[in-house]
1. Quick one: residue A:87 ticks every box in (1) more than 11 Å from chain B (Cβ to nearest Cβ); (2) at pLDDT 90 or above; (3) surrounded by fewer than 21 Cβ atoms within 10 Å (Cβ to Cβ) bar one, so which box is it?
2. Please count how many residues of the stretch A:130-167 are under 25 Å from the mean Cα position of the chain (by Cα) and within 27 Å of residue B:65 (Cβ to Cβ).
3. Which count do you get for residues in the stretch A:451-464 that are among the aliphatic types (A, V, I, L, M) and modelled with pLDDT under 90?
4. Can you name the residue in the stretch A:369-393 that is away from chain B (no Cβ under 11 Å) and either touching a Gly at 6+ places or on another chain (Cβ under 8 Å) or assigned to a helix (DSSP H, G or I) (or both) and is also surrounded by the most Cβ atoms within 10 Å (Cβ to Cβ) among such residues?
5. I'd like to know if the stretch A:457-472 contains one or more residues that are within 25 Å of residue A:308 (Cβ to Cβ), within 12 Å of chain B (Cβ to nearest Cβ) and in contact with an Asp or Glu (Cβ under 6 Å, 6 or more places away or on another chain).
6. Can you work out which of the residues in the stretch A:169-194 that are within 20 Å of residue A:136 (Cβ to Cβ) and not in a strand (DSSP E or B) is farthest from the other protein chains (Cβ to nearest Cβ)?
7. Note down all Cβ pairs under 8 Å where the first residue falls in the stretch B:27-47 and is in contact (Cβ under 8 Å) with a residue 60 or more places away in the chain and buried (at least 21 other Cβ atoms within 10 Å of the Cβ), the second is of a type in the set (Asp, Glu) and outside any helix (DSSP H, G or I), and they're at least six residues apart or on different chains.
8. Residue by residue through the stretch B:347-377, note down the ones that are aliphatic (A, V, I, L, M) and assigned to a helix (DSSP H, G or I).
Amino acid sequence: MSLPPVSPTPVNPTPMIRWESVTVTYHDATRPTIEDIDLTINEGELALVIGPTGSGKSTLLRTINGLVPHFTGGTLRGRVVVDGRDTEGHPPRELADVVGYVAQDPRSGFVTDTVEEELAYTMESLGIAPVVMRRRVEETLDLLGLTDLRSRPLGMLSGGQRQRVAIGSVLTAAPRVLVLDEPTSALDPGAAEEVLAAVQRLVHDLGITVVLAEHRLERVVEYADRVIVVPGGGRPLIVGEPTVVMETAPIAPPVVRLGRIAGWSPIPLSVRDARRVAGDLRAQLHAVDAQHASSTHPTPPEAADRSALSVTRDLFVAHGSHFAIKGVSWQLHAGEVVALMGRNGAGKSTFLGSLVGLHAATRGQVDVAGSDPRSLRGAELVRTIGLVPQEFTDLLTRSTVADECHDADHDARVPQGTTAAILSDLAPDIDPATHPRDLSEGQRLSLALAVVLSGRPPVICLDEPTRGLDYDTKERLVTILRRIQHEGHAIVVATHDVELVAELATRVVILADGEIVADGPTADVVVSSPLFAPQAAKILSTPDAPARWLTPSAVMSALGDAS
Amino acid sequence: MSATEAGACAAASTDPGPLRNLRWVHPGAWWVWALGLAVAASRTTNPLLLGLIVAVAAVVVSARRPHAPWGRTFSAFLVLGAIIIVIRVMFQILLGVPIGSTVLFVLPTMDLPDVFAGIRVGGEVTGEEILAGAYDGLRLATILACVGAANSLASPARLLASVPGALYEAGVAVVIAVTFAPQLITDLRRVRAARRLRGRPVRGLRGIAGSAIPVLEGALERSVHLAAAMDSRGYGRIANRTTRQRRVAATALLGSLALGLIGVYAMLDASATTIVGVILLASAAAVAIVGVRMAGARSPRSRYRPDPWGGPEWITAASGLIAAAAFIAAAIWMVPGMTTPVDPAQWPRLPLLAVASLAIALLPAWVTPQPPDRRSL
């Protein structure tokens, strides 16, 4: 490589984690989950592990502290050595002082009642002296910005706070390695930045080695020292500097895709880097814009029928003594894709819940296709409005895909085979005899979506559908939803995923504290927002000319038009 | 509230200076205090005294409970107590032996086979018997309210944090079991929502049957996650101990638990001699101390900021014990007013000794420090 390295490589790096021809095979598995891994992660590195769902990222992460195989079972051939300790002879509890491991959902790992006690728990298990514990808890509270929350019960934390507490709770044991499994996938953009800033500080100030798995590349790739691609299916790992790996990686965040389109080299990884080299592209695009002053993107499809499918008037919904929705009035039309955005806890899920009649309106009215969803039962409800909840596996109750489809036809009173036909359309190659749990995350989501679509409801709601989805599956979901939209359904998506919104939504509604604070066409709402703007818009906007190209593909087609 | 106390409170609220020490009171102190009140309640059927005990518990809880989920459990215990009173009175009406002569109404009697000779179902129901049942139910409800007070003042998890290292692991298992229940309710709500979304019945037998399996699956999955998290955080790093040491310690602990249970039973059952109960409890405590010493001797755990046991704790625990002692003494000396006669029914009196001891039991509402979270939230 003729390019200078982005960050200076240490002269004599100290290896911190070493995999020596590691193969992991779970019980009852026909083939190994990860195969023949040879890899070294050096001290003080921030290594980003990426790859499609089910490729073995979590397994790779869990070999670091011995959860695989000591806890999960299965066989591990080869050797994993962390800070000089072989995980074969050291179960997770004996590695707790070297490796801090935070699982995907931190809530499931909390043991105590309050933040402060949780931070001390690991140290108590390790038998650290009380004086030292006290000091480390205070330091960690400061380091992660948790001082104001010290005696807060864990159940009363927001998503970002919860993640920071989970990181803090393993950090107090002063580990040399921090392992984070999808730390930001459930978080809104603001909370994600909060967590990543904390992680970066740990790497810079404390020299901790961080191994981090994440699907949301646009959030993390700029912080990584090294990227490890786990392609799955027994193919070898791709390891290298982010700029090098990103030039060819099959999955890439929008900033990288834009860089590939424009032919920038080295490929920029952050919005800041891209803006510095984007002057030409901006000029080119504005020239195109002047030629085609009328063209807009994404084009809202011509809605045949502009009468509202769903109307809420002055809606208030209370949870106990607290109003989650305060006076929301809106209309939803056929052919619209509305993105519902806002912080965690802003009332997005509650709003979707009241649209489908899960929550009663304390005041005001909800109307879907002419009736109050609360009054609908059984097939009537299924044929009026559908919701794919955040925990969409809740919808699936049977032990095979075929049974599930059969039940869905029955629930919606539609001819047998309807759901199976929708499913084979959404996700071909699913064996009907499979247990839904054995499907990949994306296939499972497709099944849940097919179940909801079986009654052909005119309104379809999705709550955080892209949480934990890889880029491929997300792209397929976008295609599916576009098709459903063109068939005349109205779609409401509650999401934190700004890139999904940029790809898909015709209209964006931002909720804050239970009220609508912004409502308008996607480009108008997101471009002006510092948190909700997609990367392409951030790169291409200038103070006097906000960009209307929200995605790399929009940019590509604009350039294509020009030539 | 006396004038000086009011002054102290006012001064405290206007000047939260450095002298105002916000800290948790040792959970053990709260439990000793509450159990003292419970023992006191068990010694009387006087509804006025029982009402006073509940009032004392309520005042202290409202003054010192933390702003945490478990801090709001007191009212649930009160509701449970009310249900117990109703059930107790209903049993009295259906199965009770009539006392007195004020017949209120007559229920049809039911003939039982000879095996159940001596049990009467239905028949005459007297006002006296209902009153006796209500007093008894009120006593049970009061004991429950005392436990509820302890529960909301100091969560079971915090109490377990102060148990000796040897009991710690058993304690964690209990804590996980306790936190399971609220989680199950959340899960049930989610699964029922999902059932509704698929247009399926939510209520009724079919609804319950359809929800049970996903909820249990979720619970199982979560406990596996928790176990993995605890393992990765060093839980269960046990120092080497021989099997023999472990067995002796376990036997001692179980033995002390059994002795303690019998002792508590003897203390609470009015027909047994109190001295037997005291002896049993004392020996249970002795065996427990030995067992815990042995089991915890080589535990590697350390404790973060153990709650100190200082002046407020001594006063709190003592005030509960004083109330218990006063009620026990009053019951032994047969001070008039400790039991309220129902045949003929009399207006309950207020024995001075008992009321004075309850006034002392009210002290923790003022002498203990505020829980720290009042400020930070």
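1. (3) is the only condition that residue A:87 fails.
2. 9
3. Step one: of the stretch A:451-464, the residues among the aliphatic types (A, V, I, L, M) are A:451-453, A:459-460, A:462.
Now drop any that are not modelled with pLDDT under 90, which leaves A:453.
Total satisfying the criteria: 1.
4. Looking only at the stretch A:369-393, we keep the residues that are away from chain B (no Cβ under 11 Å), and these are A:369-372, A:375.
Of the ones still in play, those that are also either touching a Gly at 6+ places or on another chain (Cβ under 8 Å) or assigned to a helix (DSSP H, G or I) (or both) are A:372, A:375.
Values: A:372: 13, A:375: 9.
Ranking the qualifying residues of the stretch A:369-393, first place goes to A:372.
5. No, because not a single residue in the stretch A:457-472 is within 25 Å of residue A:308 (Cβ to Cβ), within 12 Å of chain B (Cβ to nearest Cβ) and in contact with an Asp or Glu (Cβ under 6 Å, 6 or more places away or on another chain).
6. Within the stretch A:169-194, the first condition is being within 20 Å of residue A:136 (Cβ to Cβ), and the residues that meet it are A:169-180.
Filter once more, keeping what is not in a strand (DSSP E or B): A:169-176.
Values: A:169: 7, A:170: 7, A:171: 11, A:172: 9, A:173: 7, A:174: 12, A:175: 10, A:176: 15 Å.
Once the filter is applied, the top-ranked residue is A:176.
7. B:27/B:307
8. Taking the stretch B:347-377 first, the residues aliphatic (A, V, I, L, M) are B:350, B:352-356, B:358-363, B:365, B:367, B:377.
Within the stretch B:347-377, B:352, B:353, B:354, B:355, B:356, B:358, B:359, B:360, B:361, B:365, B:367 meet the criteria.
The values are calculated or read from the model by the stated rules, or taken from the named source; none is laboratory data. If you're wondering where the values come from, they're calculated on a predicted model, not measured in any experiment. Neighbour counts run over all protein chains shown; Cβ positions are idealised from the backbone, glycine included.
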